[in-house]
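Undergrad: Attaching a single structure in structure tokens format; questions to follow.
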Number of protein chains: 2
Amino acid sequence: MPEFLVGELVRQRMGALSASERRLAQVLLAFYPVAGLENLTRFAERAGVSPATVTRFITKLGLRGYPEFQDSLRQELQERLSSPLTRYELTATADSSGSTLHDAFATHEHSLRASVDMVSEHDFDAVVDLLADPRRRVLSLGGRVSAFLARYLASQLHLIRPGVELIDPERSNPADHLVDLGRRDILVVFDYRRYQSDTINSAKVAAGRGSTVVLVTDPWLSPAAASARFVLVTGVQTTVTPFDSMVSAVALTEALIAGVLARLGETAHARMRRMDELRGGVVYGDGP
Amino acid sequence: MPEFLVGELVRQRMGALSASERRLAQVLLAFYPVAGLENLTRFAERAGVSPATVTRFITKLGLRGYPEFQDSLRQELQERLSSPLTRYELTATADSSGSTLHDAFATHEHSLRASVDMVSEHDFDAVVDLLADPRRRVLSLGGRVSAFLARYLASQLHLIRPGVELIDPERSNPADHLVDLGRRDILVVFDYRRYQSDTINSAKVAAGRGSTVVLVTDPWLSPAAASARFVLVTGVQTTVTPFDSMVSAVALTEALIAGVLARLGETAHARMRRMDELRGGVVYGDGP
DNA sequence: TACAAACTGTAAGAATCGTTTCAATGCCTG
DNA sequence: CAGGCATTGAAACGATTCTTACAGTTTGTA
């Protein structure tokens, strides 16, 4: 029976995993450890991969098989649950401390923290590389809730590199943008519950045309994951609202932009200066 | 999937159980819920009873069978583990800096933390009250960078109350919306550096027509503050990018929405249900 | 473009798991 | 003490679950 924590192990090996395996890792970390305590088939389904991939994944972690994997998780869980502190945490009931404002921000902070683990660093870097490649076109698309994220990405990315387009289903038919997608193009899809069929479909079409599909989604994974080359997962925790929180998604988007900017360096800055001149807004204040 | 907690259920039925069954109950409660997450045979062994007794025990609890029993335990566990506080305890890892991703998220976290102090609780509550008043119209407007925030607010608020409009300078002239603004109307303006003259102007016009202007801006305050009845400030800290971070702004926006939702209660929920029916998206997965 | 290597899913088989049946045992009651 | 009822475990069956072998696909490279 292994001594180490499975979660740690997964994070360590993340780099050595294949795309599907990484998807499993993400789901596991997002719903840790419960996802791994379900049976192999269900775990596979949650991540949208085949059962065989799960077995390979487990083997790569250095474990003998799925049963041993589950044993480790259970043992680990037992230890955590019996630590006095956690014990308290688990027993403590929902503490509605005070104001909506404070509660909301506290939740957002936790959500952010949790998200860092959910995003695969490997995938993140790979996506930044893609987005920083000036020869590739970038299309950005979102569902009903996440449309604003697509917009945000497109508008900011547009400032630092050419070839960025927003697909706005409210304004034009996505199909118009999808027809001439090619092998060099990137489609960034934002899809958070409740997942939309047209978004999922767009991803499928793009993948079918050989484009690279990047999906940004919640831990339950939009079905569009099936068509995606890279899946970036962010937490959406909310305690108070039926709505998911998009804070982590925005954080991720900004991180992507920062990454691309860092990679493009002076080229991007030059472009930004030019854009600035063309626009010429009013500039008050003097920030740092 | 049962609503109750299995542990509670067991304690309740304790009296109605036979000797062997009670041993099972004790083991389960002593190692809760891990004991029940092992397979039936092992659970039986731990309690020193036969597998058949386990099945009978489960049945007596009113559950359909061992798999359903485990499902309940897992679901329950998941819910407990995702309480923000616990989440923090369980997730906290050695944060090794270096990568863009980690740096970005760390910054965002600080930004969030700082923002809580910048927002005036009093103003926040007042704004929530305003936005929750169904007799008032709400117009949402943003600058170049912050347009997506205006969109986000409008789309979410639209779900929970009528009379919400987005002013989209890209699509139509803001003036068209402003002409018939009245004393009862609210204009929510998002303006982050670099401040735009047309946004500032819209705020001025609205204020002039007697509408209540709410401004969401950065710590340097958009000049639109002059026309605003309420000003909500959020942090924008960034270390790596020339761009400001909108994470806190999103957090604030969501907090506003949560606040309004809380105030409107059932009315809002009813509206949401209706909207949902009319839209009818694809729903995969089953969130917590 | 063609080839090799890596990846992934399908499907079949092996192993494990959960349920049910039935007989044995213990316990209370008449 | 005998009869009946509740309780329990052994064992066999059927269902599920995990593993493995193989083939199709994709990806990267010469």
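Undergrad: I'm trying to understand the selection: among the residues of the range B:194-235, which are part of a helix (DSSP H, G or I), open to solvent by 30 Å² or more (accessible area, probe 1.4 Å) and not aliphatic (A, V, I, L, M)?
TA: The answer is B:Ser197, B:Asp198, B:Asn201, B:Lys204, B:Gly208, B:Pro223.
Undergrad: Out of B:Val145, B:Val188, B:Val179, which single residue is surrounded by fewer than 24 Cβ atoms within 10 Å (Cβ to Cβ), assigned by TED's automatic domain parsing to the domain that holds B:Val127 and closer than 17 Å to B:Val213 by Cα?
TA: Unique residue meeting the criteria: B:Val179.
Undergrad: Does the range A:170-178 contain at least one residue that is within 14 Å of another protein chain (Cβ to nearest Cβ) and either within 17 Å of A:Leu252 (Cβ to Cβ) or not charged (D, E, K, R) (or both)?
TA: Yes, that holds for at least one residue.
Undergrad: Continuing with the same structure: Any residue in the range B:7-21 that is without any contact (Cβ under 8 Å) to a residue 24 or more places away in the chain sitting within a Cβ distance under 8 Å of a residue that is open to solvent by 70 Å² or more (accessible area, probe 1.4 Å)? List the pairs, counting only those 6 or more apart or interchain.
TA: As it stands, the answer is B:Met14/B:Arg22, since those pairs meet every condition given.
Undergrad: Restricting attention to the range A:34-62, report how many residues are open to solvent by 10 Å² or more (accessible area, probe 1.4 Å) and either closer than 17 Å to A:Thr234 by Cα or in contact (Cβ under 8 Å) with a residue 40 or more places away in the chain (or both).
TA: The qualifying residues number 4.
Undergrad: Looking only at the range A:63-80, which residues are open to solvent by 70 Å² or more (accessible area, probe 1.4 Å) and closer than 22 Å to B:Gly36 by Cα?
TA: Of everything in the range A:63-80, those that are open to solvent by 70 Å² or more (accessible area, probe 1.4 Å) and closer than 22 Å to B:Gly36 by Cα turn out to be A:Pro67, A:Glu79.
Undergrad: If I ask for residues that are of a type outside the set (D, E, K, R), within 12 Å of DNA strand C (Cβ to nearest atom) and assigned to a helix (DSSP H, G or I), which ones from the range B:21-52 would you list?
TA: B:Gly36, B:Leu37, B:Leu40, B:Thr41, B:Phe43, B:Ala44, B:Pro51, B:Ala52 - these are the residues of the range B:21-52 that are of a type outside the set (D, E, K, R), within 12 Å of DNA strand C (Cβ to nearest atom) and assigned to a helix (DSSP H, G or I).
Undergrad: Right, another one. Name the one entry in B:Asp129, B:Asp103, B:Asp95, B:Asp125 that is modelled with pLDDT under 75, assigned to a helix (DSSP H, G or I) and of a type in the set (Asp, Glu).
TA: Result of the check over B:Asp129, B:Asp103, B:Asp95, B:Asp125: B:Asp103.
Undergrad: Right, B:Gly62: assigned by TED's automatic domain parsing to the domain that holds B:Gly15, more than 9 Å from DNA strand D (Cβ to nearest atom), assigned to a helix (DSSP H, G or I) and of a type outside the set (Phe, Trp, Tyr) or not?
TA: Answer is no for this residue.
The values are calculated or read from the model by the stated rules, or taken from the named source; none is laboratory data. Predicted model only: the values in this text are computed from it and were never measured. Neighbour counts are summed over all protein chains in view; Cβ atoms, including those assigned to glycine, are modelled from backbone coordinates with ideal geometry. To get the accessible areas, we keep the full protein, side chains included, count just its heavy atoms, and leave off ligands, DNA and RNA. Shrake-Rupley method; radii C 1.70, N 1.55, O 1.52, S 1.80 Å.
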